[in-house]
Amino acid sequence: MNRRHFFKTTGTLSMASLALPGLLGTLLKEEKAFRHIVFIIGDDHSTDVLGCYGNPRIRTPHLDEMARRGVRFTHAFANSPVCTPSRQSFLTGKLPHATGVTLLQTPFPEEQTTLADHLKPLGFTSAVIGKNHFNNKLNHGFDHRIEGREYLAHRQAHPPRKIPDELRTKGTWRPFKDPARIWLNADALPAPYYDADAEGTFYANQAVEFIQKHRDGRFCLWLGFKEPHSPFDFPIEYTGQYKPEDMVLPQGSPEDDRWIPLVFKDLTDDEKRGIIAAYYTSVTYLDKNVGLVLNALREQQLEQDTIVVYIGDHGYLLNDHKRFEKHTMWEPAVKAPLLIQTGGRLGANRTSDALVEFIDLVPTLTEAVGVKSIEGVQGKSLVPLLKQAEKRAGEKHQPGKEHREYVFSEFLVDNKVMLRSRDWKYVFTSGKSDLGQGYETGHGAPGITHWLYDLKNDPHETRNLAPSGRHDRLIQTMQRELIARFRATHPYQHQVPKNLPLVEQLVRFCEPVEEMGK
């Protein structure tokens with residue numbers, strides 16, 4: 001037994017030994033503890049591109065059915081609008097800086113305790129299938145790991161069907177080397193393969209096999225699809241499902257012009273519509289694969305014993321604020337889909353507009369399988385919200401019943417942090433660079449910058465109220481809340497003196513945790 005496994009197992013067993021004799025035994029006796037977890041992740045999935053979230057143009061029948069069978073969260077927020085920090089955050093139930101991962105290429109630290117680690121003492125068999133962004137070869141508590149190398153081996157053993165020479169397909173994905181119209185697939189071209197040979201289909205089939213093989217035991221399936229991440233891949237059979245001319249372009253506001261990355265400035269409106277059509281097609285292909293997994297649960301008669309989660313690892317901008325991609329704190333980038341299906345046992349066909357963070361999912365799932373509390377997580381269980389299933393579509397928010405008063409997100413490659421309440425959003429950056437990861441604006445480093453949005457009266461975030469000076473007291477209140485959150489969770493909070501001015505403390509906390517730990 002290696003050092004990591006020893007300490008993680010003994011720590012979790014310590015927790016489990018307290019919970020199992022009482023709580024878990026009671027839950028199993030009352031037939032309330034779930035025996036299976038299925039956690040499905042879409043990559044860069046915008047909340048606005050789902051039928052169940054009100055989009056009449058997109059076809060997502062399987063995810064829409066999941067929403068009808070479960071609870072749909074309308075105010076769920078990623079704790080970072082970039083893949084790696086967000087994924088390792090919601091896999092551990094800890095904020096990105098607390099996991100040691102705030103940059104895209106950072107390897108997932110071996111010592112971090114994952115959901116799979118928490119479930120192991122309870123007898124769960126676990127698998128991580130598809131995209132995971134671990135950035136290393138470790139399994140991080142999972143018993144099985146299936147990803148790109150297994151897919152390549154599958155293709156070698158089962159060569160894909162030959163594509164007709166006259167069929168036009170997209171080329172190799174080369175972001176920033178090619179113009180944006182190419183790597184964002186403005187021509188809405190299919191990938192050079194059929195559905196049966198696609199990587200996403202392979203992962204869905206592997207998930208189905210895992211469910212079938214482990215149906216009689218307790219299992220946790222962590223399934224990460226690459227769709228709809230750029231270049232918005234979809235198989236040949238999906239070509240032409242959406243017409244670019246039918247796509248709607250958000251217009252943004254004059255304030256957005258300062259922050260448009262140069263890489264997007266030359267895109268024409270027709271190209272933007274083509275990009276959105278490709279994105280929609282990739283989402284519909286993703287939905288098909290989600291359906292394969294949900295159908296497997298149904299066919300194996302496991303729905304009543306399975307809690308199923310679907311999320312986007314964060315959102316995505318589709319010309320919102322006149323740009324594409326994520327990497328910002330605007331709503332379309334930081335808000336993401338969250339659907340939880342519980343076989344009708346904890347609410348069905350309901351909507352919750354509670355403010356929730358993705359770090360809330362690990363304590364939700366451990367409670368659902370019978371463990372009331374676990375050590376080391378920073379999220380808050382959503383089980384009480386699932387039990388309430390308090391809102392049907394169209395019901396208004398009831399004040400005074402908040403799961404959270406604020407939600408938090410950080411994008412530290414850009415030295416940026418966000419705090420959002422029900423009606424207000426505050427964003428701070430130390431502005432040391434002109435954005436990053438290829439998205440430079442050409443205006444140079446902005447320096448310390450504040451944004452404040454009145455979401456009640458300006459839901460599309462078109463007017464930054466911070467420069468007016470009329471809301472300085474509110475800004476200071478939100479700055480204090482941000483600092484309190486950092487101090488309660490940051491591994492290097494002792495490096496930031498408490499007697500510094502609020503802004504200077506935020507400047508320090510907005511450094512990537514990887515840099516602070518050197």
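None of the figures in this text is laboratory data; all of them are computed from the coordinates on show. What you are looking at is a predicted structure, and each value in this text was computed from that prediction instead of being measured. We place every Cβ from the backbone using ideal geometry, glycine too, and count neighbours over all the protein chains shown.
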Q: With a Förster radius of 45 Å, plug the Cβ-Cβ distance of Asn464 and Arg155 into 1/(1 + (r/R0)^6) and report the FRET value to the nearest 0.05.
A: 0.40
Q.
Given a Förster distance of 56 Å, report the FRET efficiency between Glu299 and Asp266 from their Cβ-Cβ distance, rounded to the nearest 0.05.
A. 0.70
Q: Would you mind telling me the antiparallel percentage of the DSSP bridges in the chain, rounded to 5?
A: 50 percent
Q.
Let me make sure I get this right: for the stretch 407-516, a, b and c are the square roots of the gyration tensor eigenvalues over alpha carbons, sorted descending. Under 1.5 in a/c it's rounded, otherwise prolate if a/b > b/c, else oblate. Which is it?
A. oblate
(Q) Can you order the peptides 222-229, 438-445 by their average number of other Cβ atoms within 10 Å per residue, highest first? (A) 222-229, 438-445
Q) What is the ratio of the Cα radius of gyration of the stretch 297-394 to 2.2 N^0.38 Å, where N is its residue count, to two decimals? A) 1.24
Q | Under 25 Å from the Cα of Lys425 - lysines, other chains or at least 8 residues apart | A | Lys94, Lys322, Lys326, Lys335, Lys380, Lys391, Lys396, Lys401, Lys416, Lys456, Lys498
(Q) Could you tell me how far the Cα centroid of the stretch 339-378 sits from the Cα centroid of the stretch 408-456, in Å? (A) 29 Å
Q | the stretch 407-516, relative contact order [Cα under 8 Å, separation at least 6], % | A | 23 percent
Q. Taking N as the number of residues in the chain, what is its Cα Rg relative to 2.2 N^0.38 Å?
A. 0.95
Q) Looking at the stretch 178-297, how many pairs of lysines come closer than 28 Å at the Cα, when each pair is eight or more places apart or spans two chains? A) 10
Q) What residues have an amide H closer than 5 Å to that of Thr125, excluding those fewer than 5 places away on the same chain, when H is modeled at 1.01 Å from N in the peptide plane? A) Arg218, Phe219, Cys220
Q.
Highest mean first, how do 308-319, 490-501, 43-54, 154-165 rank when packing is the count of other Cβ atoms within 10 Å averaged over residues?
A. 308-319, 43-54, 490-501, 154-165
Q. Mean Kyte-Doolittle of at least 1.0 and a Cα length of 27 Å or more along the axis: which whole DSSP H helices of the chain meet both?
A. none
Q. By average Cβ neighbour count within 10 Å, what is the ranking of 187-195, 241-249, 82-90 from highest down?
A. 82-90, 187-195, 241-249
